[in-house]
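The values are calculated or read from the model by the stated rules, or taken from the named source; none is laboratory data. All of these numbers come straight from a predicted model, not from anything done at the bench. Note that each Cβ is placed from the backbone with ideal geometry, even for glycine, and that neighbours are counted across all protein chains shown. Protein only, heavy atoms only, side chains kept; ligands, DNA and RNA dropped before computing areas. Shrake-Rupley method; radii C 1.70, N 1.55, O 1.52, S 1.80 Å.
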Amino acid sequence: MTEYNPLKIEQKWRDRWEKEKAWNVDLKKAKKPYYNLMMFPYPSAEGLHVGNVFTFTGVDIHGRYMRMRGYDVFEPMGFDAFGIHSENFAIKQGTHPQKETEKNISHFREQLKNMGAMFNWDHEVDTSKPEYYKWTQWLFLQLYKAGLAYRAKAPVDWCEGCKTVLADEQVISGKCERCGTDVIQKELEQWFFRITKYAERLLGNLDKLDWSEAVKVAQRNWIGRSVGTELEFRIKNLESRIKIFTTRPDTLFGATYLVLSPEHEHVPSFMFQVSNRKVVEKYIGASKNKTELERTDLAKEKTGVELKGVTAINPANNEEIPVWIADYVLSNYGTGAIMAVPAYDERDMEFAKKFKLPVSDAPLVDKEEIVSRVGGEKKVNYHLRDWLISRQRYWGPPIPIIYCNACGVVPVPEKDLPVLLPYVENFRPTGTDKSPLANVEEFAKTTCPKCGGEAQRETDVSDTFLDSSWYFLRYPSTEFDDKPFDEKITKKWLPVSMYIGGKEHSVLHLMYARFVTMALEDMGYFDFQEPFLKFRAHGLLIKDGAKMSKSKGNVVSPDEYFDAYGADVMRMFLMFLGPYEFGGDWRDEGIAGIARFLKRVWTLSLKLKIENEKRKAIDKNLKSHTNGLEKLTHKTIKKVTEDIEKLQYNTAIAGLMEYVNTLTRYTIYDIRYTEILLKLLAPFAPHLAEELWHEALGHTTSIHSEPWPTYDPEKIIEEKVQMVVQVNGKVRGEIEVDADASEDMVKNIALKDEKVRKWLDGEPKKVIVVPWRVVSIVT
RNA sequence: GCGUCCGUGGCGGAAUUGGCAUACGCGUAUGGUUUAGAGCCAUAUCCUGUAAGGGUUGCAGGUUCAAAUCCUGCCGGACGCACCA
């Protein structure tokens, strides 16, 4: 009998599958389309790590299972190749991002092929290729036409490490999501997408989505809907009024001062009136130079300065109250100004104490009444900000806009797309507020598409997250070079049937993709608002308690495991590690257990072949175990099926192990059971299952095109059931009863049981029978 | 501070959702096969006790015939948001 040689059989089947294009689906003719999507990787120089394999294996098992359930499963793969990460790495290496990316992608592709997943390589996407980013630019233009892309001067987050501005979502606790540098504020003219216009819809639709609850909660929090009131405070001796936003108009009588953010629009006009002008100007200047972290750190003491000579009037009681400037009030939320009610707000109290401001504990009043009396206006605010998409970097799609001296802002005509990213040697960030492309004259200088006059190109590129906000629309339509996505194909394949990815994208990619989809739907490109009807977050595979990353030096490559054990063992081992949706700490201690298991399957199946050839009578044990085994078979099908549906791969594998243990223990070589075993195993260990399906069972077609085994619920029903008997909460005996025995019958059997009687003293007070489980006796 | 989740053997983790806690696997021990090792096979493996028994799911209570599971309060850990008015 031949030894199980995983490397040999895996190579053999991968070659054959590739040759036969086994995983391609006819996208036009497919009857039961199932779009099985995973978040595409960024092709890092370190190559694929075990965390990627963990993630993709889980998705692939789902896809293979759905395929056996009769669906036409489309499982594409691609590369999120543009972006600061690739560019930074090229800078470090002294190479060029384009060369670096090409090299990394081909390495990644080879590694991915070793996984034995059913990726459809004919539909590969690479976001850094002109044939892709042409359509990213097209998307920008559509958003521009729809009034959803605008250019504005605003205080924006700037990362000095990455030398670019960042979107709100890419600032984590005041630090850059990429490099961890403290983010500072700059006043710059930048391109934004009006995602806030969709705040209400992004929030409302969440209820309808079948998504991991944690991700929905994160999105709800990020959108941060808050219902309140806008009130106006008059300024004494001046025409101007200050608008504030509050969720507590009922505390208006207790408002003893106003606080404006340093960037508040009215501040300059107050300066003529202010007696301590120098101090105020100094304060405003200082807060400008603070990093986001310094401004928002809760541990820091609040700072502020009074606008001496400016007095506001509380509309509730007409009392004169002072006006302060403090940077704990944010300019980009609400109206950038608040009424301070120290008696009812901790932060205001802290501030009032420090600066010895009066505190009034005026009682609360009726909300509705006070709002109508002082003329307040109901207002909904969101934490969500518009999506800043300009990046002062090189490795991204140029924003397709031209500035004409005569015509102003002119979008690049669609026929002129793509605006090619020029290959330049000096691609390094400039550190000014301009992209390195600004120094490339042949690129920057152009003519106006409208008037033909002299014009300048926009030299910023767009955010990487724009590339990934629509890649799932491109996958099925990669063969079309005259449109981003084909109408018919899109109608057939979208929305995505199942999307699996990391929680870290809860408010980044997943929010952006939803926004882009909604915007395109509004433009009439298709008729669905939500791109991913079902989303599941997988767990994160970490190493020594930390996320795998090159900087920490804890990246584990799958290659040595593929070489030593083969892909099937690696796949199953990763899935057996723990619940897929939890992830865990990587260690390879138990991998031998999976190797042993697959070897046992191998031996079992080949012995079956030998026994069949000899035409020998099946082992005499078989007869006596047939009944029990048939039951176990149906139970195993049920368990594995249900566990796969719930992405609980670890317990599905445990179920398969128990099944194999039983088959081995009783040396049962029966083709019916082996066929079922191999089918249940096929999504997990696709190569081994295929090899044995052909070589041991003699089939000539692929096991991966076989229908998934079904179980008969009738066959699982037991005729006899074991029940535990408890006396006063302690297990004192075990009885076997007919499955359909009545409660009284069970009760009688339990009370007659010898072991149980030892613990009984006279008549029991109470007997509770839980059918099929337990008899509980209270004395 | 707010939100979400978690705490079970030496280790990764199971537990039909309130019904025999520790499935499955790792590791370990003993035995078998073997010149030897590797491998494979068998048996054992929560604690305590010779045994009958008793105890055990981070800690302390509570509800219940019955709690890893529900409730309350602590302790510890992970993640997300965070001066959002």
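With a 1.4 Å probe and all protein chains left in place, how much of the accessible area of chain A comes from carbon and sulfur atoms, in whole percent?
Details: 17220 of 35370 Å².
Of the solvent-accessible surface of chain A, carbon and sulfur hold 49 percent.
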In what sequence, largest accessible area first, do A:Glu754, A:Glu691 appear using a 1.4 Å probe? A:Glu754, A:Glu691
Could you work out how much longer the chain between A:Lys491 and A:Leu760 gets when fully extended? Use 0.36 nm per residue separation minus the Cα distance between them, nm to one decimal. 89.8 nm
Quote the accessible area belonging to A:Trp23 in square angstrom, nearest 10, computed with a 1.4 Å probe and with ligands, DNA and RNA left uncounted. 20 Å²
Going highest first, how would you order A:160-167, A:250-257, A:431-438 by mean Cβ packing within 10 Å? A:250-257, A:160-167, A:431-438
What ranking, highest mean first, results for peptides A:684-690, A:356-362, A:34-40 when packing means the other Cβ atoms within 10 Å averaged over each residue? A:684-690, A:34-40, A:356-362
Straight-line reach from A:Lys552: which lysines fall under 17 Å, measuring Cα to Cα and dropping same-chain residues less than 8 apart? A:Lys92, A:Lys543
As a quick test, which of the pairs A:Lys175/A:Lys300; A:Lys28/A:Lys197; A:Lys32/A:Lys638; A:Lys197/A:Lys547 have an alpha carbon distance above 26 angstrom in this structure? A:Lys28/A:Lys197; A:Lys197/A:Lys547
Compactness of the stretch A:509-599, expressed as Rg and Dmax over alpha-carbon positions, Å: 19.1, 56
For A:Lys278, give me every one of the lysines with a C-alpha distance below 18 angstrom, ignoring sequence neighbours fewer than eight places off in its own chain. A:Lys288, A:Lys308
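Between A:Leu209 and A:Glu479, what length in nm is gained on full extension when 0.36 nm per residue of separation is reduced by their alpha carbon distance? Write out the running numbers ahead of the final one.
Numbers: separation 270, 0.36 × 270 = 97.20 nm, distance 3.04 nm.
Length gained between A:Leu209 and A:Glu479: 94.2 nm.
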Please report the spacing between the Cα centers of the stretch A:1-23 and the stretch A:73-103 in Å, no decimals. 30 Å
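Count neighbours as other Cβ atoms within 10 Å of each site's Cβ, and list the GluC sites (Glu not before Pro) in the stretch A:183-272 that are DSSP loop with at most 15 such neighbours. Walk me through the numbers before you get to the answer.
Values: sites: A:Glu187, A:Glu189, A:Glu200, A:Glu213, A:Glu230, A:Glu232, A:Glu239, A:Glu263, A:Glu265; in loops: A:Glu239, A:Glu263, A:Glu265.
In loop regions of the stretch A:183-272 (DSSP not H, G, I, E or B), the sparsely surrounded GluC sites (Glu not before Pro) are A:Glu239, A:Glu265.
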Using alpha carbon centers only, the stretch A:194-224 is separated from the stretch A:432-486 by a whole-angstrom value of 29 Å
At 1.4 Å probe size, with no ligands or nucleic acids counted, give the accessible surface of A:Thr430 in Å², nearest ten. 50 Å²
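A:Glu20 to A:Asn728: FRET efficiency via 1/(1 + (r/R0)^6), r the Cβ-Cβ distance, R0 51 Å, to the nearest 0.05? Walk me through the numbers before you get to the answer.
Numbers: r = 66 Å, r/R0 = 1.29.
Efficiency computed from Cβ-Cβ geometry: 0.20.
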Which entries of A:Lys21/A:Lys491; A:Lys103/A:Lys503; A:Lys216/A:Lys378; A:Lys434/A:Lys534; A:Lys21/A:Lys208 show an alpha-carbon separation above 32 angstrom in the structure shown? A:Lys434/A:Lys534; A:Lys21/A:Lys208
Between A:Glu189 and A:Ala564, how many nm apart are label points set 7 Å from Cα along the C-beta direction? 6.0 nm
Would you list which lysines come within 22 Å of A:Lys730, measuring only between C-alpha atoms, while excluding same-chain residues fewer than 8 positions from it? A:Lys747, A:Lys752, A:Lys755, A:Lys758, A:Lys765, A:Lys766
Which whole-number value in Å² is the accessible area per residue of chain A, probe 1.4 Å? 45 Å²
